[in-house]
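I have placed the structure first, in the form of structure tokens, so that the comments after it can refer back to it.
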2 protein chains.
Amino acid sequence: MGKREIPYKTYLAENEMPKEWYNVRADMKTDHRSLLNPVTQQPAKAEELEAVFSRECAAQELNDSDAYIEIPDAVRNFYKMYRPSPLVRAYCLEKYLDTPAKIYYKFEGNNTSGSHKLNSAIAQAYYAKEQGLKGLTTETGAGQWGTALAMACGYFGLDLTVYMVRCSYEQKPQRKTLMRTYGAHVIASPSDTTEVGRRILENPANRSGSLGTAISEAVEVAMKSGGERRYSLGSVLNQVVLHQSVIGIESRRAMEKLDEYPDIVIGCAGGGSNLGGLMSEFMRDKLRGNANPYFIAVEPMSCPSLTKGVFAYDYCDTGKVTPLAMMYTLGSSFMPATSHAGGLRYHGMSPIISQLYHDGYLDEARAVNQTDVFDAAVKFARVEGILPAPESAHAIKVAIDEALKCKQSGEEKTILFGLTGTGYFDLYAYEKSLDGTLSDAPPAQDAIEASESKLPKMDF
Amino acid sequence: MGKREIPYKTYLAENEMPKEWYNVRADMKTDHRSLLNPVTQQPAKAEELEAVFSRECAAQELNDSDAYIEIPDAVRNFYKMYRPSPLVRAYCLEKYLDTPAKIYYKFEGNNTSGSHKLNSAIAQAYYAKEQGLKGLTTETGAGQWGTALAMACGYFGLDLTVYMVRCSYEQKPQRKTLMRTYGAHVIASPSDTTEVGRRILENPANRSGSLGTAISEAVEVAMKSGGERRYSLGSVLNQVVLHQSVIGIESRRAMEKLDEYPDIVIGCAGGGSNLGGLMSEFMRDKLRGNANPYFIAVEPMSCPSLTKGVFAYDYCDTGKVTPLAMMYTLGSSFMPATSHAGGLRYHGMSPIISQLYHDGYLDEARAVNQTDVFDAAVKFARVEGILPAPESAHAIKVAIDEALKCKQSGEEKTILFGLTGTGYFDLYAYEKSLDGTLSDAPPAQDAIEASESKLPKMDF
């Protein structure tokens, strides 16, 4: 343990918690490409975005100049109920792997939503409340985002309608109940409550739903609410990466207290909310030339937007009602094979992360197999005590791989990964893993090729 | 918020965590009545207890002289993975209730077992490992204890067989998977793997099982293991109250840092593990005449051992294979009506708590209705963010009642309650509560009268 005694868990004191979010766009070298209006295909203006998002969220979506944006008091007070999250030194995992590497993880699962999603949910709910809106609409896949937004809307007394991907709705009835406990109205998607849902349901093969479809339905309901409601998204967007920066700021401060700094930063990446948040001020250091951590994004083989997608403008949803974003994408019509990491089954990737990857600041993307991920998850649970969410276990898998490389090379690297959440609602998948009946999803290649050809043709 | 700014959450630093457990028996005024050998009905000697429990646990079971007992390093290191648990100031609940009372809770749910049970599980597993035993057996009702012991045995590489009450086994398959993830072998009880199980199964009405039956099976397997295994129990026993004292010691130290002391201490009580732990050093203060906190034990109407039971010697299990304990009991053949707080469905009460209640140091026991408990749970979840276990929600219900009394009287009392765990595996019950189909269990009176007459006749 070296000279100093590093504790198992490091918590910041309440008065050391961040008062501002970090907006990485202010430091990015490449001009960030705007969202496009889906009708005009011209850069979306604030007033157009305000039809979809709350006013302040629309402003944050467009803000590429302020490096720091104040966290409102009401949001900070809510953060105090479940944050700061612990920075954990994985002593037991290190011992189990017999590695000279020092492994840290930032654990975001110690709240009832079970993940980091609450960090942005409470901000988006707050701005909606401030604006005098009646409520929000959203979609959810694995259910973590829907739960988080249900908690946030419950707290501020806002209505919430959640379109939940039908296969999750049927597989995880507890998730639905949890959202209901916080007062949310939960609808299985595709549904007959929206035009886009009815259209998609015309093909019975679409019945099990997808995140892209659920987004289309939630956006439609918000847009047709006569201005009373707005739509809220838990990933991909700039505003989400902004709110999630609280993870990276806390991590960096806690490591500073320990006189540590990561050589490698590892996060799972679906839409990018967790990785974007975890990187935040570490990426700032890199962009400003003050440090050079090596960043790894981990994605599932079955939905590999960074490793197999193209960097292009695409819709954020299947129904093509959302603005278009410049991002790594598998095509908005891409239907990922069923996997147990629902939170990573999204065809696109945060435009911020996409640009950073394209420009080489996000050093590497690595796609991993589901069976390997669950093996890593079970190992981790047994030695570190925490049952990880399947999404988070993608990062665990690569952290273990990197730590074992250190064992080979003898290097004493400092590894930081994001443990985004817990797997209490994924035990049916753990059961399969234990029984040896979990299989890897089929390779995504064919579907990618098919959907790439359908990317919108842009004329710049 | 008064002169000082009291944070939402107070964590002790790792080096402030307790190095010793507190053994309340050393300060108790009344001689603690021994466990009796079920065959001879004479006070059980160490060597007799060692046939059931590990050697050190047997010694702790009998120890009524040492006020403090050292926590082994290996156990303290494991504690560091999930402890210290936060002492939370319930600002949002206070505001919601508009009460002048200051409400604190000690939250023990931030670990994968989902409850405080891990505090004793890891100690019992450690002593078994130290003795060179091959493994442990146990029972579980709601599943929290079984999960905790599975985690602890997985950590130390011990075998574990868990007899899980069949109605829980069928209602909560996820709990079973969680225990399996940590390597435990889980059997629905009553089963045909034991003599007592087969005997009890002769009456088909017993098929859904009970905690008392599952204990009988687990003890039988341990006793017939040729000395390779011992039995482990998550509540009732003196050793468990000892290990759980970590809750109260941490609470007291954290409050001390805030310059606070509770006027009222509230805990739910099934077998007594949580309440016994939460009271610990606060009870020491009372027994030594240094302070006079008011203690309230909260139990379900459907299984009210303190409020409706008798103080007598009784078996700890239905099959009458365990030692007899002097305790408040509803009779070992008492079958509580089905309720959703499985962890409180036990016919007896910790002998320590029973004696303290009998002697008036535990001031009050209060039985509450299931529907009121779930109403309190949903309220709490919405304002404080945490989804409580149904067991814990018993304490919440009474904490709210006491805070509302303060609102009436204008008193600014300081209330501390134990939030023992989370309700992720109890969402089927929340669903009923939200749908308005949850009902109160029938009154226990008749069953109590019937079983009282069957209490063992003791001759002292």
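Taking residues in region A:12-30 that are within 14 Å of chain B (Cβ to nearest Cβ), and partners anywhere that are part of a loop (DSSP other than H, G, I, E, B), the pairs with Cβ atoms closer than 7 Å and at least 6 places apart or on different chains are A:LEU12/A:PRO84; A:GLU14/B:PRO7; A:GLU14/B:TYR8; A:MET17/A:ARG83; A:MET17/A:PRO84.
Being among the acidic types (Asp, Glu), touching a strand residue (DSSP E or B) at 6+ places or on another chain (Cβ under 7 Å), at pLDDT 95 or above and within 23 Å of A:GLY348 (Cβ to Cβ) is the requirement here; does A:GLU108 meet it? Steps first, please.
Numbers: among the acidic types (Asp, Glu): yes; touching a strand residue (DSSP E or B) at 6+ places or on another chain (Cβ under 7 Å): yes; at pLDDT 95 or above: yes; within 23 Å of A:GLY348 (Cβ to Cβ): yes.
Against the criterion (among the acidic types (Asp, Glu), touching a strand residue (DSSP E or B) at 6+ places or on another chain (Cβ under 7 Å), at pLDDT 95 or above and within 23 Å of A:GLY348 (Cβ to Cβ)), A:GLU108 qualifies.
Looking across region A:118-161, the residues that are of a type in the set (A, V, I, L, M) and either in a helix (DSSP H, G or I) or at pLDDT below 95 (or both) come down to A:LEU118, A:ALA121, A:ILE122, A:ALA123, A:ALA125, A:ALA128, A:ALA142, A:ALA148, A:LEU149, A:ALA150, A:MET151, A:ALA152. Scanning for something within 13 Å of another protein chain (Cβ to nearest Cβ) and open to solvent by less than 30 Å² (accessible area, probe 1.4 Å), does region A:126-142 turn up at least one residue? The answer is no; no qualifying residue exists. Restricting attention to region B:54-74, which residues are within 11 Å of B:TYR127 (Cα to Cα), assigned to a loop (DSSP other than H, G, I, E, B) and open to solvent by 10 Å² or more (accessible area, probe 1.4 Å)? B:PRO72 - this is the single residue of region B:54-74 that is within 11 Å of B:TYR127 (Cα to Cα), assigned to a loop (DSSP other than H, G, I, E, B) and open to solvent by 10 Å² or more (accessible area, probe 1.4 Å). Go through (1) in contact (Cβ under 8 Å) with a residue 24 or more places away in the chain; (2) touching a helix residue (DSSP H, G or I) at 6+ places or on another chain (Cβ under 6 Å); (3) surrounded by fewer than 24 Cβ atoms within 10 Å (Cβ to Cβ) for B:LYS379 and report which single condition fails. Here B:LYS379 clears every test but (2).
Just one residue in the set A:LYS172, A:LYS176, A:LYS224 is of a type in the set (Lys, Arg), touching a helix residue (DSSP H, G or I) at 6+ places or on another chain (Cβ under 7 Å) and free of Cβ contacts under 8 Å to residues at least 40 places away in the same chain; that residue is A:LYS176.
Summed over region A:162-199, residues that are hydroxyl-bearing (Ser, Thr, Tyr) and assigned to a strand (DSSP E or B) total 2.
Among the residues making up region A:356-370, those that are within 17 Å of A:GLY267 (Cβ to Cβ) and acidic (Asp, Glu) are A:ASP363, A:GLU364.
Looking only at region B:293-318, residues that are surrounded by fewer than 24 Cβ atoms within 10 Å (Cβ to Cβ) and modelled with pLDDT under 90 come to 1 in all. Exactly one residue out of B:LYS407, B:LYS379, B:LYS397, B:LYS432 is over 30 Å from A:PHE425 (Cα atoms) and more than 9 Å from chain A (Cβ to nearest Cβ): that is B:LYS407. Scanning region A:289-326 for residues that are touching a residue at least 60 places away in the same chain (Cβ under 8 Å), part of a strand (DSSP E or B), under 23 Å from A:ALA367 (Cα atoms) and touching a Phe, Trp or Tyr at 6+ places or on another chain (Cβ under 6 Å) gives a single hit, A:MET326. For region B:315-343, a residue qualifies if it is on the phi < 0 side of the Ramachandran plot and in contact with a Lys or Arg (Cβ under 6 Å, 6 or more places away or on another chain), and the qualifying residues are B:MET326, B:SER333, B:PRO336.
Give me the residue from region B:183-196 that is farther than 13 Å from B:THR138 by Cβ and not aliphatic (A, V, I, L, M) and, out of that set, surrounded by the fewest Cβ atoms within 10 Å (Cβ to Cβ). Among them, the one singled out is B:ASP192.
Looking at region A:17-30, which of its residues are at pLDDT 95 or above and open to solvent by 60 Å² or more (accessible area, probe 1.4 Å)?
Once the filter is applied, which keeps residues that are at pLDDT 95 or above and open to solvent by 60 Å² or more (accessible area, probe 1.4 Å), region A:17-30 yields A:LYS19, A:GLU20.
Within region B:428-442, being free of Cβ contacts under 8 Å to residues at least 24 places away in the same chain and surrounded by fewer than 13 Cβ atoms within 10 Å (Cβ to Cβ) holds for B:ASP435, B:GLY436, B:THR437.
Answer yes or no: is there a residue in region B:7-16 that is of a type in the set (A, V, I, L, M), buried (at least 16 other Cβ atoms within 10 Å of the Cβ), at pLDDT 95 or above and not in a helix (DSSP H, G or I). The answer is yes; a qualifying residue exists.
Select, from A:LEU160, A:LEU178, A:LEU201, the only residue that is within 14 Å of another protein chain (Cβ to nearest Cβ), more than 19 Å from A:GLY421 (Cβ to Cβ), out of contact with any Phe, Trp or Tyr (no Cβ under 7 Å at 6 or more places or on another chain) and aliphatic (A, V, I, L, M). One residue alone meets the criteria, A:LEU160. Every condition in (1) under 22 Å from the mean Cα position of the chain (by Cα); (2) closer than 22 Å to A:TYR127 by Cα; (3) not in a loop (DSSP other than H, G, I, E, B) holds for A:SER235 except the one numbered (3). Of all residues in region B:326-347, those satisfying the criterion of being hydrophobic (A, V, I, L, M, F, W, C), closer than 30 Å to B:THR422 by Cα and either in contact with a strand residue (DSSP E or B) (Cβ under 6 Å, 6 or more places away or on another chain) or modelled with pLDDT of 95 or more (or both) are B:MET327, B:ALA341, B:LEU344.
With respect to the stated conditions, B:ARG33 fails to be within 14 Å of chain A (Cβ to nearest Cβ), part of a loop (DSSP other than H, G, I, E, B) and at pLDDT below 95.
Pull up region A:77-107, narrow it to residues that are assigned to a loop (DSSP other than H, G, I, E, B) and away from chain B (no Cβ under 12 Å), then point me to the one that is least open to solvent (accessible area, probe 1.4 Å). It comes out as A:ALA101.
All of A:ALA367, A:ALA381, A:ALA429 fail the test of being under 28 Å from B:ARG83 (Cα atoms) and either modelled with pLDDT under 95 or not polar (S, T, N, Q) (or both), apart from A:ALA381.
Can you find a residue in region A:211-223 that is of a type in the set (S, T, N, Q), within 14 Å of chain B (Cβ to nearest Cβ) and assigned to a helix (DSSP H, G or I)? Give the steps one after another, and end with the answer.
Just the residues of region A:211-223 that are of a type in the set (S, T, N, Q), to begin with: A:213, A:216.
Next, from what is left, pick out any that are within 14 Å of chain B (Cβ to nearest Cβ): none.
The answer is no, given that none of the residues of region A:211-223 is of a type in the set (S, T, N, Q), within 14 Å of chain B (Cβ to nearest Cβ) and assigned to a helix (DSSP H, G or I).
The set of residues from region A:197-255 being open to solvent by 10 Å² or more (accessible area, probe 1.4 Å) and acidic (Asp, Glu) comprises A:GLU202, A:GLU220, A:GLU228.
Considered as a group, the residues in region A:108-125 that are within 16 Å of the chain's Cα centre (by Cα) and within 10 Å of A:THR420 (Cα to Cα) include one that is surrounded by the fewest Cβ atoms within 10 Å (Cβ to Cβ), and that residue is A:GLY109.
Looking across region A:181-194 at every residue that is out of contact with any Lys or Arg (no Cβ under 9 Å at 6 or more places or on another chain) and away from chain B (no Cβ under 14 Å), the one that is nearest to A:HIS347 (Cα to Cα) is identified as A:ILE187.
The values are calculated or read from the model by the stated rules, or taken from the named source; none is laboratory data. No experiment lies behind these values; they were computed from the predicted model shown. We place every Cβ from the backbone using ideal geometry, glycine too, and count neighbours over all the protein chains shown. Surface accessibility is based on the protein's heavy atoms, side chains included, excluding ligands, DNA and RNA. Shrake-Rupley method; radii C 1.70, N 1.55, O 1.52, S 1.80 Å.
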